[in-house]
Structures are given as structure tokens and as C-alpha cells.
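Participant: Below is a structure I'd like to ask you about.
Derivation of every value follows stated rules applied to the coordinates shown; laboratory data play no part. This structure is a prediction, so every number in the text was calculated from the model and none was measured. Ideal geometry is used to build each Cβ from the backbone, glycine not excepted, and the neighbour counts take in all protein chains shown.
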Amino acid sequence: MIKDILKKIEEKMKHCLDNLNHEFSVIRTGKATPALLDNIRVAYYGTPTPISHLATVTADPGLIIIKPWDKAAMSEIKDAVLKADLGLVPSMEAEVIKIPIPPLSSERRQELIKIVHRITEEARVSIRNKRREAKEDIEKTEKEEHISEDDAKRGLKELEHLTSNYIEKINKSLEEKEKEIGTV
């Protein structure tokens, strides 16, 4: 019973960590990566469509190259990138769109670090909420006398260990992202 509760909560905590890492991947750090364009939607025939569904996206050092499958979508893709407010300026050349990734200013780096800290704190709060949810489930199960008091205490101890482990992983992700943002 306790193992089921802990397993379910661990899956939810892992999902929180995965979401954090995904959010980090779309933050521009001065390094070209196709993930920068993941959240951009293109109005393709009136339907919001991810760029990855309309084109091949590749990255060279300092440059993202978009090669649309439908050449008619080139201007819509360019407009969507401009409207995304990522500070990127795409240029259309023959059959591709090139997006140079300019180096970040020190002010922008500080701004990004603040954003990363806010996102990280939201992830920590989410993990703590999952812990509270599991704790309530364990206490409810104990109260209904499906498990002993000792089993409940053991389960709560395992829950604290699990929570600490995921908070530590979140902090490690934060350190890595800060380092990546700080690298010129």
C-alpha cells in the first residue's frame, strides 16, 4: 500500500523534474539549439502549428537553420520567430531560414538567471506539494487502519528521502543552467 503511494508520487516528482528541464531547454543561452523554437507556433493555414511539424530544424554553432517542407510557409515561420520575442532576427535565403544566435549581454544574462531561479522555485513548490499529497495519503491509509503506525512512519521517512533527492536534482539542474547562461 505504502509502496504504491510512493511509486505514484515518485512518478509525479519525475514529471516535475522533466518539465523543469524542458523549460530550461527553451531558454536562450547564446548557444544555438533547435529547442529554442519548441514553444513557437506558426499560423499555418489558420492552425497554430509547431515549427518542427513544418520544417527540418538544425543547429550549427551560433546559427539555427530552418528548412521548410512547404516553401509557402517560409514567411509565416519567419514572422512567428520574430513575434516570439526571443531577440532573434531570422533571414530568408533561397530555401532556408537562417537565425543567427547573438551573444547575450550581461544584463540579459542576469535577467535569464532570475527567470531560471523563478522556474526552479516553482518546481520545488510542485515537489513539496506532491510530498504533502503523499503524506496525506499515507496518514489517511493509517487512519483507516490499512497499515500500522510503524509502516506509516517508515513510509513518511522514505517520502522525505524521495523529496530531498528530487529537490537535490532540481538544484543540480539549476546550477548547470546558471553555468550555461554565465558562459560567454
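Participant: What does the net charge come to around GLU149 if you take all other residues with beta carbon closer than 11 Å to its beta carbon, with K and R at +1 and D and E at -1?
Facilitator: Combined, the nearby Lys, Arg, Asp and Glu give -2.
Participant: So for region 34-100, considering every pair of alpha-carbon atoms, how many percent are separated by more than 17 Å?
Facilitator: Tail of P(r) above 17 Å: 28 percent of Cα pairs.
Participant: Counting only residues 5 or more places away or on other chains, whose amide H sits under 5 Å from the amide H of VAL42 once H atoms are built in the peptide plane?
Facilitator: HN-HN under 5 Å from VAL42: THR49, ILE51.
Participant: While we're looking at this one, here's another question. Report the relative contact order of the chain, percent, no decimals, based on alpha-carbon pairs under 8 angstrom and at least 6 residues apart.
Facilitator: For the chain, the relative contact order is 26 percent.
Participant: Between ASN19 and GLU145, what's the calculated FRET efficiency when r is the beta-carbon distance and R0 is 30 Å? Round to 0.05.
Facilitator: 0.25
Participant: Can I ask one more? Cα-based Rg of the chain per 2.2 N^0.38 Å, rounded to two decimals?
Facilitator: 1.38
Participant: To continue, here is another question. Which loop-located chymotrypsin sites (Phe, Trp or Tyr not before Pro) does region 1-51 contain, where loop means any DSSP state but H, G, I, E or B and the Cβ has at most 14 other Cβ atoms within 10 Å?
Facilitator: Those that pass, being in a loop and sparsely packed, are TYR45.
Participant: Local charge sum around ILE9 (other residues, Cβ-Cβ under 13 Å, Lys/Arg +1, Asp/Glu -1)?
Facilitator: It works out to a net charge of +2.
Participant: In Å, the Kirkwood hydrodynamic radius of region 115-170 over pairs of distinct alpha carbons?
Facilitator: Radius from the Kirkwood sum: 12.2 Å.
Participant: Which listed residue (ASN21, SER52, GLY87) has the Cα farthest towards the positive end of the charge dipole for the chain, taking +1 on Lys and Arg C-beta and -1 on Asp and Glu C-beta about the Cα centre?
Facilitator: Looking along the dipole axis, the top candidate is GLY87.
Participant: As a check on your grasp of the helix formula, calculate [θ] at 222 nm for the chain: sum -39500 (n - 2.57) over DSSP H runs of n ≥ 4, divide by the residue count, round to the nearest 500.
Facilitator: -20500 deg cm²/dmol
Participant: How high is the relative contact order of region 34-100, in percent, with contacts defined as C-alpha pairs under 8 Å that are six or more residues apart?
Facilitator: Once normalised by length, the contact order is 28 percent.
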